[in-house]
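One structure below.
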Amino acid sequence: MDPFSQGALGAAASTTVAGTQRLRAFAVLGCIAGMAPDLDILIGSSTDPLLFLEYHRQFTHALVFIPVGAGFVALALHWPVRHVLRPVETYLACAVGYTTHGLLDACTSYGTQLMWPFSDVRVAWNNVSVVDPLFTLPLVAFVVVAVVKRRRGFAAIGLAWAAGYLLLGVVQTQRVEAAGAAMAAVRGHEAERLTVKAGFGNLLVWKVIYESGGHYYVDAVRAGLEIAVCPGASVPALALRRDLPWLDANSVQARDVERFRWFSDNYLALDPANPARVIDMRYSVVPNEIEPLWGIELDPNADPDQHAGFVATRRTSTDQRDAYWRLLTGADCPGTIKMRSPP
């Protein structure tokens with residue numbers, strides 16, 4: 001998730017194991033340690049634009065790296081708190097905060113290599129958005145109260161809020177998956193695979209994407225007391241020989257496509273607006289539209305050893321914001337299908 005959420009969760013977790021007189025120091029150390037694994041964003045290359053995709057949420061987020069990562073953070077931070085904490089206490093605070101990071105990231109849809117180096121599978125439980133104020137703000141409030149009043153019980157309440165919110169996300173994930181499967185059945189499709197993603201900043205509006213017959217279908221689901229499915233768009237799944245017949249299979253660009261395929265869980269398609277751009281179908285601002293957040297740019301005239309470019313969309317248009325707001329508020333949209341929530 002975002003650094004603010006990671007820091008808040010790390011602080012809450014570390015505070016719960018602190019003594020009253022050391023509570024504030026534990027909170028600060030836990031907060032910093034909870035954010036520390038994201039220092040992997042500094043790993044990059046000016047000649048290989050996709051390198052950061054391989055290393056972000058990799059070894060620094062792995063379960064086996066927790067003792068090592070916590071040790072580095074403790075070494076860096078012990079000097080300022082040496083008059084308050086013993087070295088073992090500094091390490092404990094950092095270890096607890098560091099542990100929360102990879103697990104929280106795995107709850108999002110981006111993917112986290114928790115089992116590195118034994119597996120490069122990107123674990124993604126898809127039960128919370130990468131940014132969600134309803135998760136973060138109450139957690140921050142409880143941590144602040146715990147620190148100000150020197151009462152770790154408030155931090156424990158914050159952790160309970162975070163856990164409850166994530167469990168609600170699990171329930172919502174199951175409801176949305178059922179709705180997506182029902183939508184595929186209504187269309188007469190057999191969903192070969194189906195993935196759901198929480199919409200930006202909430203657990204109410206979700207993106208559903210499934211593959212059937214060589215096509216991807218994307219829909220929005222509003223999972224309130226009732227399930228409302230708003231059908232969206234469809235696009236052919238990427239087929240290299242058909243879509244990029246000029247691409248040399250031995251070129252660096254071809255290898256970059258495969259690297260992007262791994263990162264994107266094989267949800268690849270050509271951008272309808274740009275036939276030289278391969279997009280990650282899992283993400284878009286408006287859940288039932290195909291306007292990708294990122295992709296890779298290929299060049300038919302590139303040298304065999306030239307890398308593909310990485311392209312990311314950082315801005316949203318007024319139309320996209322309006323469309324997303326209509327989904328959030330439950331405004332009717334053409335073709336909406338109402339369903340009962342599963343028991």
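Could you please give the count of residues in segment 1-47 that are touching a residue at least 60 places away in the same chain (Cβ under 8 Å), assigned to a loop (DSSP other than H, G, I, E, B), farther than 16 Å from LEU85 by Cβ and not polar (S, T, N, Q)?
Result for segment 1-47: 2.
Conditions: (1) in contact with a strand residue (DSSP E or B) (Cβ under 9 Å, 6 or more places away or on another chain); (2) closer than 16 Å to VAL218 by Cα; (3) open to solvent by 20 Å² or more (accessible area, probe 1.4 Å). PRO287 meets all but one. Number of the miss?
(3)
Does segment 112-120 contain any residue that is free of Cβ contacts under 8 Å to residues at least 12 places away in the same chain and either in a helix (DSSP H, G or I) or surrounded by 15 or more Cβ atoms within 10 Å (Cβ to Cβ) (or both)?
Looking through segment 112-120, none of the residues is free of Cβ contacts under 8 Å to residues at least 12 places away in the same chain and either in a helix (DSSP H, G or I) or surrounded by 15 or more Cβ atoms within 10 Å (Cβ to Cβ) (or both).
Would you check which residues across segment 69-108 are small (Gly, Ala, Ser) and either more than 23 Å from the chain's Cα centre (by Cα) or open to solvent by less than 10 Å² (accessible area, probe 1.4 Å) (or both) and list them?
Looking only at segment 69-108, we keep the residues that are small (Gly, Ala, Ser), and these are 69-71, 74, 76, 93, 95, 97, 102, 106.
Listed by number, the residues that qualify are GLY69, ALA70, GLY71, ALA74, ALA76, ALA93, GLY97, GLY102, ALA106.
Out of (1) over 25 Å from GLN21 (Cβ atoms); (2) over 16 Å from the mean Cα position of the chain (by Cα); (3) open to solvent by less than 50 Å² (accessible area, probe 1.4 Å), what's the single condition that is false for ALA185?
With respect to (1) over 25 Å from GLN21 (Cβ atoms); (2) over 16 Å from the mean Cα position of the chain (by Cα); (3) open to solvent by less than 50 Å² (accessible area, probe 1.4 Å), ALA185 is out only on (3).
Does VAL235 qualify as being under 30 Å from ASN301 (Cβ atoms) and in contact with a Phe, Trp or Tyr (Cβ under 6 Å, 6 or more places away or on another chain)?
yes
Given the residues VAL229, VAL186, VAL252, VAL218, which is the only one that is closer than 26 Å to THR112 by Cβ and among the β-branched types (Val, Ile, Thr)?
Numbers: VAL229 fails: closer than 26 Å to THR112 by Cβ; VAL186 fails: closer than 26 Å to THR112 by Cβ; VAL252 fails: closer than 26 Å to THR112 by Cβ.
Step by step, each of VAL229, VAL186, VAL252, VAL218 is checked, and only VAL218 is closer than 26 Å to THR112 by Cβ and among the β-branched types (Val, Ile, Thr).
Looking only at segment 173-230, which residues are of a type in the set (Lys, Arg), farther than 23 Å from THR136 by Cα and assigned to a strand (DSSP E or B)?
ARG193
Name, by its number, the condition in (1) at pLDDT below 95; (2) surrounded by fewer than 17 Cβ atoms within 10 Å (Cβ to Cβ) that does not hold for GLY214.
(1)
Please list, ordered by first then second residue, the pairs with beta carbon atoms under 6 Å, 6 or more apart or interchain, first in segment 122-141 and closer than 11 Å to ALA198 by Cβ, second open to solvent by 40 Å² or more (accessible area, probe 1.4 Å) and assigned to a helix (DSSP H, G or I).
ASN127/VAL170
In segment 284-309, what residues are touching a residue at least 60 places away in the same chain (Cβ under 8 Å), out of contact with any Ser or Thr (no Cβ under 6 Å at 6 or more places or on another chain) and not in a strand (DSSP E or B)? If you could, list the steps in order and put the result at the bottom.
Our first condition is that a residue be touching a residue at least 60 places away in the same chain (Cβ under 8 Å); within segment 284-309, this holds for 284-290, 296, 307-309.
With out of contact with any Ser or Thr (no Cβ under 6 Å at 6 or more places or on another chain) added as a condition, the list becomes 284, 286-290, 296, 307-309.
Residues satisfying the conditions are VAL286, PRO287, ASN288, GLU289, ILE290, HIS307, ALA308.
The values are calculated or read from the model by the stated rules, or taken from the named source; none is laboratory data. Because the structure is a prediction, the values reported are computed rather than measured. No Cβ is skipped: glycine too gets one built from the backbone with ideal geometry, and neighbour counts run over all protein chains shown. Please note that ligands, DNA and RNA were not included when accessible areas were found on the heavy atoms of the full protein model with its side chains. Shrake-Rupley method; radii C 1.70, N 1.55, O 1.52, S 1.80 Å.
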